[in-house]
């Protein structure tokens with residue numbers, strides 16, 4: 001018993017705490033509404049392969065949020081990878097498909113790096129810098145292709161949507177990225193990103209370059225966005241210059257749901273993955289609720305699908321409120337006193 | 001090994017350092033002393049690389065060096081423990097200590113085990129009571145100060161700067177720290193200590209460099225001097241110990257504000273005072289002794305831990321400053337840009353802002369009404385402005401402060417709280433502000449004024465409460481109000497110190 005409490009206390013101190021609770025709740029809800037078909041390989045398969053791009057995108061967003069900044073160009077950058085990889089081989093005759101994917105990926109990293117330079121070196125507010133960047137990227141996408149078109153070779157997306165022993169391949173991709181995170185978090189480079197988000201001034205006082213750390217955070221984000229873009233391409237199995245942008249705000253919301261703080265210095269990429277999975281599951285749950293669960297009790301029940309979005313967003317809003325409340329409640333009072341105290345000393 | 005020669009630094013028109021010099025030999029412990037605003041923190045910050053000097057030379061081992069950033073300062077083996085702490089609240093203690101210089105493993109990853117055992121041994125040595133995985137946000141301030149020191153020492157510096165680190169420490173913690181510092185100095189590390197606890201320096205330092213108004217005025221051997229001489233160098237006055245008359249004898253009848261045993265965290269401890277109608281009360285002391293927090297907690301801007309506040313015979317407990325304003329309390333901060341003016345709005349709107357909070361939520365306010373009422377104030381108190389519709393930033397600092405003062409006159413509060421209102425204000429404006437205060441006090445307003453300027457307190461206050469380390473050290477009134485007595489009280493000197 002004693003052992004159990006300390007284990008629980010330890011979990012409570014982790015940033016993932018809120019994400020795990022929300023995710024467990026929504027999984028239970030999902031199983032109730034969907035019934036046993038939830039555990040079928042095909043159903044898991046669809047669920048994960050649709051949501052993997054958002055999960056990766058949220059992981060990318062998390063590292064930027066941890067550094068105390070924000071990136072609102074991630075969704076459109078993912079689209080850039082998609083459009084570039086699918087359409088370039090058809091536009092430029094000499095470009096092989098693998099090169100298009102590789103260059104598209106490098107572009108995503110470059111966008112991340114440029115964001116980092118704008119924010120870290122030129123000190124442009126992150127909101128503005130990445131907003132401007134999102135329009136540049138969006139423009140480039142439309143230059144390459146101005147409407148949904150193109151095709152991805154079947155062999156490629158079959159890998160993404162396939163499964164091994166009943167476990168979807170997209171899950172392996174996510175697990176691999178989580179593993180990468182678990183490795184890189186051991187490096188001082190990432191610990192400095194946490195410090196930067198926690199307190200920029202004190203990080204500088206400790207002799208850590210805040211400029212370089214900011215650029216590093218955005219570049220890591222770019223690396224993940226690139227992978228997200230490839231997953232997005234394989235999921236769509238074609239190119240679409242329009243839909244990706246909506247994922248940006250979803251990824252920020254999902255990161256907050258997972259327990260990452262928007263003020264920085266708190267959270268992990270795993271938080272992002274949990275939050276994004278919650279996001280996807282909520283949509284899944286409400287869909288099943290409206291087409292399967294409620295009709296079981298109310299025969300002939302049928303409403304517009306917009307109601308599904310309505311209910312899903314209410315659940316998400318509740319989740320965000322809960323997660324922010326939990327992390328804020330204890331801090332609020334203490335922080336206020338500390339801030340005033342600090343200001344007095346600075347004067 | 002370290003030499004600072006004629007360092008100069010000014011912030012705008014304010015000269016923080018002028019001709020400040022400091023020398024430091026290998027393995028020496030030097031105390032850096034000075035009163036409020038004498039520039040000792042600035043000097044530390046210049047060495048730490050967070051403030052750039054305007055002129056002067058710094059030499060390390062006879063070679064001139066430039067310190068342009070805190071990373072360069074670290075590279076010169078200078079480490080600083082800051083008074084306001086440089087810890088990251090949401091990182092673990094061990095990550096905080098090792099940040100920027102983690103021990104690396106074979107693949108360049110952070111070698112947890114090695115780091116942990118290194119930090120653990122340091123924490124044990126310095127008697128820090130905390131776990132490696134605690135977050136600074138959950139720890140008390142005395143522990144945080146020690147962690148800050150350990151963090152500086154973990155860089156293995158040649159020169160260690162300690163900026164007021166003992167302020168939050170308990171007596172036995174200070175003893176332990178000092179014995180460790182002595183070992184460090186025997187191993188060849190030079191230490192500069194900034195402190196306001198004068199009695200401590202005789203225990204630890206061999207030499208003291210004293211700054212006054214940004215100039216280094218004396219470099220004294222602590223074996224051949226006493227505390228009175230040091231205070232003389234710091235302030236230009238010989239200290240005298242004041243008898244401490246009790247508050248209790250004073251009449252109760254006209255008490256407007258009675259505060260009993262007020263405590264706020266670690267910054268204010270058990271403060272009691274009583275203020276009568278129409279008095280001007282000065283709250284003096286070195287900076288950061290809890291005066292500002294005390295004032296703000298009366299106003300409801302900082303929640304207090306314990307204590308009773310009685311306003312005109314009625315117990316009050318403000319949850320927010322809006323309630324305090326409704327009950328007739330006004331507050332003026334010396335930190336104009338942050339806490340008192342609305343820099344984009346006009347002079348008239350700035351004056352009217354307090355009055356606005358008194359009305360109903362949806363009562364109409366016409367521009368003409370604002371202009372009429374505020375013009376009256378401007379005329380009555382002779383505030384020199386161009387046009388009432390000019391932005392407030394068109395005025396000088398002193399005039400801005402007068403406008404803020406007019407803001408409160410318009411609502412005529414019972415009690416006006418001022419936190420260093422004349423900071424960075426020129427002499428003539430200062431005199432006018434003092435006249436305002438006297439005029440208001442004559443009309444029955446009660447004034448509590450925190451000031452870091454001794455002359456101001458002595459000139460204007462009927463009585464002065466002197467704060468030292470979060471408590472009231474003594475109360476001066478009548479003939480006790482002399483600079484000598486004020487100075488000795490500010491330094492926390494008691495009759496015992498003076499005999500020594």
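Every number in this text was worked out from the coordinates using simple rules, so none of it is lab data. The shown structure was predicted, so the numbers you read here are calculated from the model rather than taken from an experiment. FYI the Cβ positions are ideal-geometry reconstructions off the backbone, even for glycines, and counts take in every protein chain you see.
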Between the modelled labels at residue B:427 and residue B:316 (7 Å from Cα along Cα→Cβ) the distance in nm is 3.8 nm
Roughly speaking, what is the centre-to-centre gap between the range A:108-159 and the range B:363-416 when only Cα atoms are used, to the nearest Å? 52 Å
Rounded to whole Å and ordered largest first, report the semi-axes of the equivalent ellipsoid of the range B:305-381 derived from its Cα gyration tensor (root of 5λ). 27, 16, 13
For the residues B:91, A:235, what sequence is obtained by ranking on other C-beta atoms within 10 Å, fewest first? A:235, B:91
Just want the ordering: B:256, B:268, from fewest to most Cβ atoms lying within 10 Å of their own Cβ. B:256, B:268
Could you give the alpha-carbon Rg of the range B:1-149 over 2.2 N^0.38 Å, rounded to two decimals? 1.21
So how far apart, in nm, are the two label points at residue B:363 and residue B:439 if each is 7 Å from Cα heading toward Cβ? 2.5 nm
In square nanometres, what is one fourth of the surface area of the convex hull spanned by the alpha carbons of the protein assembly as shown? 44.9 nm²
What FRET efficiency comes out for the pair residue A:309/residue B:343, r = Cβ-Cβ distance, R0 = 35 Å, nearest 0.05? 0.20
What is the list of residues in the range A:234-253 whose amide nitrogen lies under 20 Å from a point 7 angstrom out from the Cα of residue A:320, following Cα to Cβ? A:244-253
Helix-only CD estimate at 222 nm, as mean residue ellipticity for chain B, using -39500 (n - 2.57) per DSSP H run (n ≥ 4): -10000 deg cm²/dmol
In percent, what relative contact order does chain A have, based on Cα pairs under 8 Å that are 6 or more apart in sequence? 33 percent
Return the calculated 222 nm mean residue ellipticity for chain A, to the nearest 500 deg cm²/dmol, obtained by summing -39500 (n - 2.57) across DSSP H runs with n ≥ 4 and dividing by the residue count. -25000 deg cm²/dmol
Please report the spacing between the Cα centers of the range B:310-350 and the range A:9-64 in Å, no decimals. 49 Å
Assuming 0.36 nm per residue, please report the length gained on full extension of the stretch residue A:41 to residue A:155 beyond their Cα-Cα distance. 39.0 nm
Let a ≥ b ≥ c be the square roots of the eigenvalues of the Cα gyration tensor of chain A; is it rounded (a/c under 1.5), or, if not, prolate (a/b larger than b/c) or oblate? oblate
The range B:255-499, relative contact order in percent, only Cα pairs under 8 angstrom and at least six apart counted: 29 percent
Expressed as a whole number of Å, what is the distance separating the alpha-carbon centroids of the range B:1-48 and the range B:73-121? 27 Å
Within 10 Å of each Cβ in peptide A:206-218, how many partner chain Cβ atoms are there on average? Round it to a whole number, please. 3
Assuming R0 = 51 Å, what is the FRET efficiency of residue B:224 and residue B:462, from their Cβ-Cβ distance, to the nearest 0.05? 0.80
Sorting B:431, B:197, B:68 on the 10 Å Cβ count, fewest up front, what's the list? B:68, B:431, B:197
